[in-house]
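Below you'll find the structure, written out as structure tokens, and then a few comments.
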Amino acid sequence: MPVDLSLYLVTDSTPAILKGRDLCTVVEEALKGGVTIVQYRDKKSDTGDLIDTAKRLHEVTKRYGVPLLINDRVDVALAIGAEGVHLGQDDMRFDIAKKLLPKDAIIGISTSTLDEAQKAIADGADYLGIGTMFATPTKTNTKSVIGTAGTQAILSAISDSSVGTVAIGGINHSNVQRVLYQSQSPKKALDGVAIVSAIVAADEPKASAEQFAKLINSPAPFA
Ligand code: TZP
Ligand code: MG
């Protein structure tokens, strides 16, 4: 089943971003606004809380027919029957995750270099999270900021592959069309953008997602 990566929501439960709101409510608003895939990313909660929240999120995403992926934690994904996982370079090895998860599970891999992208493709990743696109306060321990030029270089070098691709890091309403336009190579473009704060921290997550969906689906005002 092809996955729609076009408006990829990554959650964040830190107070500065969630601002005391209920994560499931914020995610549901974002789904109403047109988010196509959700990743539950929570670096702080213990395993019990992760499973409880993931379960509640899954009830919501299922109602919208949108896949839920779990960041870092294959065990949590298995525990709640999530549609897949998103793994970084220091998380569980791809081949082990593949063995543990159901055959049709979605596995995405964070990549910031061509080597990492090529390895993830050779492993059989469903999609690559490419970044960091722009420096962002949401994640300050990022290895490298690669911008649209770095992303374009990766896309160009992997253009023979049908792997999915999403850019992440500092993407907002003002730069999303430029990100999509400037990152594309002649034979391969991004399939989507992954957003944290511009949706989760927005006063109106639904309106923010709607605005992203509109910008993504309208031709870039460049050329
Ligand atoms: N990986 C690279 S940047 C980032 C992650 C998880 C955070 C992106 O957050 P934002 O708020 O969309 O800049
Ligand atoms: Mg990780």
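Do you know which residues across region 1-40 are surrounded by fewer than 22 Cβ atoms within 10 Å (Cβ to Cβ), among the polar types (S, T, N, Q) and within 19 Å of residue 167 (Cβ to Cβ)? Across region 1-40, the qualifying residues are 6, 36.
Within region 159-186, being within 16 Å of ligand 2 (Cβ to nearest atom) and acidic (Asp, Glu) holds for no residue. Among the numbered conditions (1) surrounded by fewer than 19 Cβ atoms within 10 Å (Cβ to Cβ); (2) over 24 Å from residue 38 (Cβ atoms), the only one that residue 150 does not meet is (1).
May I ask you to verify whether residue 9 is farther than 25 Å from residue 127 by Cβ, in contact with a helix residue (DSSP H, G or I) (Cβ under 7 Å, 6 or more places away or on another chain), more than 16 Å from ligand 2 (Cβ to nearest atom) and of a type outside the set (Phe, Trp, Tyr)? Taking the combined requirement at face value, the residue does not satisfy it. Per the listing 54, 16, 30, the residue uniquely out of contact with any Gly (no Cβ under 7 Å at 6 or more places or on another chain), part of a helix (DSSP H, G or I), of a type in the set (Gly, Ala, Ser) and within 26 Å of residue 217 (Cβ to Cβ) is 30.
Suppose the filter is within 26 Å of residue 188 (Cβ to Cβ), of a type in the set (Lys, Arg), surrounded by fewer than 18 Cβ atoms within 10 Å (Cβ to Cβ) and within 16 Å of ligand 2 (Cβ to nearest atom); does residue 143 pass it? So residue 143 passes the test.
If you filter region 89-105 down to residues that are of a type in the set (A, V, I, L, M) and part of a loop (DSSP other than H, G, I, E, B), you find that the one that is nearest to ligand 1 (Cβ to nearest atom) is 92.
Whenever a residue of region 60-88 is part of a helix (DSSP H, G or I), its partners that are away from ligand 1 (no atom under 16 Å from the Cβ) and among the small types (Gly, Ala, Ser), lying with C-beta atoms within less than 6 angstrom and at least six residues away or across chains, give the pairs 74/97; 76/54; 80/54.
Quick check, is residue 76 farther than 24 Å from residue 6 by Cβ, in contact with a strand residue (DSSP E or B) (Cβ under 8 Å, 6 or more places away or on another chain) and aliphatic (A, V, I, L, M)? Can you show your working first?
Details: farther than 24 Å from residue 6 by Cβ: yes; in contact with a strand residue (DSSP E or B) (Cβ under 8 Å, 6 or more places away or on another chain): yes; aliphatic (A, V, I, L, M): yes.
Against the criterion (farther than 24 Å from residue 6 by Cβ, in contact with a strand residue (DSSP E or B) (Cβ under 8 Å, 6 or more places away or on another chain) and aliphatic (A, V, I, L, M)), residue 76 qualifies.
Yes/no per residue for (1) under 16 Å from residue 39 (Cβ atoms); (2) out of contact with any helix residue (DSSP H, G or I) (no Cβ under 8 Å at 6 or more places or on another chain):
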site	(1), (2)
175	no, yes
180	no, no
188	no, no
193	yes, no
197	yes, no
207	no, yes
216	no, no
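Here is a yes/no grid of residues against (1) within 16 Å of ligand 2 (Cβ to nearest atom); (2) surrounded by fewer than 23 Cβ atoms within 10 Å (Cβ to Cβ):
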{"position": "67", "(1), (2)": "no, yes"}
{"position": "76", "(1), (2)": "yes, yes"}
{"position": "84", "(1), (2)": "yes, no"}
{"position": "98", "(1), (2)": "no, yes"}
{"position": "101", "(1), (2)": "yes, yes"}
{"position": "127", "(1), (2)": "yes, no"}
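Could you tell me which of the residues 130, 171, 146 is of a type in the set (A, V, I, L, M) and farther than 23 Å from residue 208 by Cβ?
On the way: 130 fails: farther than 23 Å from residue 208 by Cβ; 171 fails: farther than 23 Å from residue 208 by Cβ.
Going through 130, 171, 146 in turn, the sole match is 146.
Kindly indicate whether residue 151 is of a type outside the set (Phe, Trp, Tyr), in contact with a helix residue (DSSP H, G or I) (Cβ under 6 Å, 6 or more places away or on another chain) and without any contact (Cβ under 8 Å) to a residue 40 or more places away in the chain.
Numbers: of a type outside the set (Phe, Trp, Tyr): yes; in contact with a helix residue (DSSP H, G or I) (Cβ under 6 Å, 6 or more places away or on another chain): yes; without any contact (Cβ under 8 Å) to a residue 40 or more places away in the chain: yes.
When the stated conditions are applied, residue 151 passes them.
Computed from the coordinates by the stated procedures, all read-outs in this text should not be read as laboratory data. Please read all numbers here as calculations on a predicted model, not as lab measurements. Ideal geometry is used to build each Cβ from the backbone, glycine not excepted, and the neighbour counts take in all protein chains shown.
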